[in-house]
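Here's the structure, in structure tokens; my notes come after.
The values are calculated or read from the model by the stated rules, or taken from the named source; none is laboratory data. Here the structure is a predicted model, which is why all the values come from computation and not from measurement. Ideal geometry is used to build each Cβ from the backbone, glycine not excepted, and the neighbour counts take in all protein chains shown. What goes into the accessible areas is simple: the full protein's heavy atoms, side chains included, and nothing from ligands, DNA or RNA. Shrake-Rupley method; radii C 1.70, N 1.55, O 1.52, S 1.80 Å.
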Amino acid sequence: MTTVVVGGGILGTTLAARLSAGGRRVVLIEAHRFGSGTSAASFAWINAGNKHPESYYRLNLAGVREYLAERPPGYRNSGRLEWATAPAHAADLERRMATLTARGYRAEWVDPRRIAPELPTAPDRAAFFPDEGVLHPAETVAYRCAEARRYGARLVEGRAVTSLRSDEAGAVVTLDDGETLAADQVVVAAGTVTPRLLGAATPLCDHESVGAPGVGLLLRATVPGLRLRQVVFTSSVHVRPDGPDGLIAQALDLDAQVDPQKEYHPGHPTAEEIIARVRALLGTDAVTARSLVVGHRPLPADGLPIAGWTDPHRRIYAFVTHSGVTLAPVLARMVAAELAGEPQEPLAAYRPQRFATSTAPPVAAPRRPGEQ
Ligand SMILES: Cc1cc2nc3c(=O)[nH]c(=O)nc-3n(C[C@H](O)[C@H](O)[C@H](O)COP(=O)(O)OP(=O)(O)OC[C@H]3O[C@@H](n4cnc5c(N)ncnc54)[C@H](O)[C@@H]3O)c2cc1C
């Protein structure tokens, strides 16, 4: 049984590692470099803190728990602090805390200076989410690739899949150099590029226009001696640690102006604005921008994952989602089971076929603190 996985981001590599560890013959094909797509431009916060509806919350919670149990290279159980300085955010945070504690999510009000003494501007009360974490996607993707190789997978980098076809006997995958591969099953985990291969089965939100829901700006900065270990959300900025002396920051309200067709550089006025907010949070001027990148969210039209067969012969499977960092391990486990012929009830709501009849309104852009 040969499975071709198209796309070497966090979803494709996690699935390829799991399938090969389970004894499958796997070919993983990546058009550029492994982990170089959206997974390289992600805030990569692992959470279930603001997910709707409840079934999607439960899926993300399973993702959080899967990381806590496995702790793969690149993962850290950082916890997250959040406090509000704007009234609308304060009301929203109170509401989220009430919902989350009622659901049994680990969330408590704390004195943030006790948990993160290096935050001099913190108030005396903040929400704390101890089970949340962060990923360093490049490290985790490299680990998943190494695992897949160790179990015998063939990994192909720098070659794109240009077309797919299937019939009762199997599937055929064509690469950009004309080579064709025969497969029993093909999983397309090509992120924002998935619709080019699967068309209307995988409709995604716009990620190519100014301020589109799929567009998000991330700033990487250096702060010498930074000791911050937690993810921190305030009303004006989200930050997370990123290696020694490093952090990643985002200001969701500024995403509305971002033009994904432009190159952004650390001297851009938007970078200056985010830096000013980070300096105010950390109470230091020693924050310098390293890079400013535009991320493209593979955000399905209704905001929920897409996981399921796209063809009548059940040979070509779509695997695309936002929150893919949080969801990669739990979804990879379920998708692997479905490929082995064991339908997974939690995935029933996420079939591509729902878009043929869907009346769901288009998903709103994440612009408010606490969203992603
Ligand atoms: C600004 C921003 C912040 C985010 N923050 C979070 C967060 O905090 N928490 C969270 O859980 N998620 C977050 N996400 C979402 C998360 O990053 C994505 O859901 C996840 O990275 C998607 O992974 P992927 O493997 O599906 O896609 P990708 O990482 O894009 O991988 C797909 C790969 O497929 C390859 N490919 C494309 N076409 C072909 C082809 N024809 N042939 C071969 N290969 C092909 C690409 O080169 C690419 O490497 C964020 C996203 C953005 C943009």
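You will find that of 178, 152, 158, 170, the residue that is small (Gly, Ala, Ser), under 23 Å from residue 73 (Cβ atoms) and assigned by TED's automatic domain parsing to the domain that holds residue 318 is 152 and no other.
For (1) in the same structural domain as residue 95 (by TED's automatic domain parsing); (2) within 11 Å of the ligand (Cβ to nearest atom); (3) open to solvent by less than 20 Å² (accessible area, probe 1.4 Å); (4) modelled with pLDDT under 95, each residue gets a yes or a no:
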{"site": "13", "(1), (2), (3), (4)": "no, yes, yes, no"}
{"site": "20", "(1), (2), (3), (4)": "no, no, yes, no"}
{"site": "32", "(1), (2), (3), (4)": "no, yes, no, no"}
{"site": "48", "(1), (2), (3), (4)": "no, yes, yes, no"}
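Filtered by the rule that a residue be more than 11 Å from the ligand (Cβ to nearest atom) and touching a residue at least 12 places away in the same chain (Cβ under 8 Å), the range 78-87 gives 78, 79, 81, 82, 83, 84, 85, 86. The residues of the range 335-351 that are touching a Pro at 6+ places or on another chain (Cβ under 9 Å) and within 15 Å of the ligand (Cβ to nearest atom) amount to a single one, 350.
When 62, 91, 69, 98 are screened for being closer than 28 Å to residue 139 by Cβ, without any contact (Cβ under 8 Å) to a residue 40 or more places away in the chain, open to solvent by 20 Å² or more (accessible area, probe 1.4 Å) and small (Gly, Ala, Ser), only 69 passes. Going by what's in this entry, would residue 297 be described as touching a residue at least 40 places away in the same chain (Cβ under 8 Å) and buried (at least 19 other Cβ atoms within 10 Å of the Cβ)? So residue 297 fits the description; yes. Determine whether residue 75 is within 15 Å of the ligand (Cβ to nearest atom) and either charged (D, E, K, R) or open to solvent by 10 Å² or more (accessible area, probe 1.4 Å) (or both). Spelling it out, residue 75 is indeed within 15 Å of the ligand (Cβ to nearest atom) and either charged (D, E, K, R) or open to solvent by 10 Å² or more (accessible area, probe 1.4 Å) (or both). The number of residues in the range 349-369 that are open to solvent by less than 100 Å² (accessible area, probe 1.4 Å) and among the β-branched types (Val, Ile, Thr) comes to 1.
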